[in-house]
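Visitor: The structure is given below, and queries will be raised subsequently.
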Amino acid sequence: MTFRKPIASAVAAVVAALAAMSDAQAHPHVFVDAKADVVFDPEGRVVAIRNVWRFDDAYSAFATQGLDSNNDGSLSVEELKPLADINVESLKDFGYFTFLAAGDRDIDFGKPTEYWLQSDGGLLTLYFTLPTVEPVEIRSLPAKLEVYDPTYYVAFAFVEEAPLALDGPPSGCSFEVIKPKELDPGIAATLAEIPADQRDIPDELAAFTQDLSNGATIRCP
């Protein structure tokens, strides 16, 4: 799959250190390319979202320092497991940056059932399956999935090729991918002035970052 742009800072220990990185002085501070699968059960209900997030090169290099325990020049899934644990545990505080609605109801997620990190060409990719607390019936309802950070500390972007897939959907389901609006240059400049050690943004800017979500509307007859 082809990755293009923008998670930083799901790793709490890394957040403070980012402030010292020369290329982390602008909001957002880390970029993630994302794709997602919407998983259905045999009864045609949504039961999970499978996320695949690839981190940018600066974050990947910084976060993996000292993790090559056997000094073989590559990072195995086992060597990356402690970092994966921190990522997933920290993501809980941010709602896993994954938001699902069925009709007018917001859907709750449980803890990831499986997750791991891989290093490919120096870039970290986080894979994790996020189950819904209970199966979600979306037939005859508009459903919406969003993947984004409302504070824009982390900049997400859906990949260009196959950003979303439906796994085991009922017959006739379809989806339309949502890409974020172009950010006004003036707003972008204002966001860039927010220091790396400040995660939240002023309320007057939040109205703009709320439009920077990636996702899809899903309809099943």
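Read the figures in this text as sums done on the coordinates, not as results from a lab. Please read these numbers as outputs of a predicted model, since none were measured by experiment. Reconstructed Cβ throughout: ideal geometry from the backbone, glycine too, with neighbour counts over all protein chains shown.
Visitor: Hey, could you get me the Stokes-Einstein D for segment 73-207, Kirkwood radius over alpha-carbon pairs, 37 °C and 0.692 mPa s, rounded to whole µm² s⁻¹? Let's see the in-between values first.
Guide: Values: Rh = 17.7 Å.
It comes out at roughly 185 µm²/s.
Visitor: Given a Förster distance of 25 angstrom, what is the FRET efficiency for THR113 paired with ALA162, based on the Cβ-Cβ distance and rounded to 0.05?
Guide: The value I calculate is 0.65.
Visitor: Please arrange TYR152, TYR96 by counting, for each residue, the other beta carbons lying within 10 Å of its beta carbon, fewest first. Walk me through the intermediate numbers first.
Guide: Details: TYR152 25, TYR96 20.
By the 10 Å Cβ count, ascending, the order reads TYR96, TYR152.
Visitor: Highest first, please rank the peptides 67-73, 128-134 by the mean number of other Cβ atoms sitting within 10 Å of their residues.
Guide: 128-134, 67-73
Visitor: Applying the Karplus parametrisation 6.51 cos²θ - 1.76 cosθ + 1.60 with θ = phi - 60° to the phi angles of segment 131-138, what ³J(HN,Hα) value in whole Hz is obtained for each residue in order, glycine and proline being reported as x?
Guide: Result, ordered by residue: x, 6, 4, 9, x, 10, 7, 10 Hz.
Visitor: Quick one: if you stick a label point 7 Å off each Cα along the C-beta vector at ASP72 and GLU204, how many nm between them?
Guide: That separation, rounded to one decimal, is 5.5 nm.
Visitor: Separate question: Would you mind counting up the charge near ASN51? Only other residues with Cβ under 9 Å from its Cβ, with Lys and Arg at +1 and Asp and Glu at -1.
Guide: Neighbour charge sum, excluding ASN51 itself: +1.
Visitor: For VAL32, VAL147, VAL159, what's the fewest-to-most ordering of other Cβ within 10 Å of each Cβ?
Guide: So the ranking, lowest neighbour count to highest, is VAL159, VAL147, VAL32.
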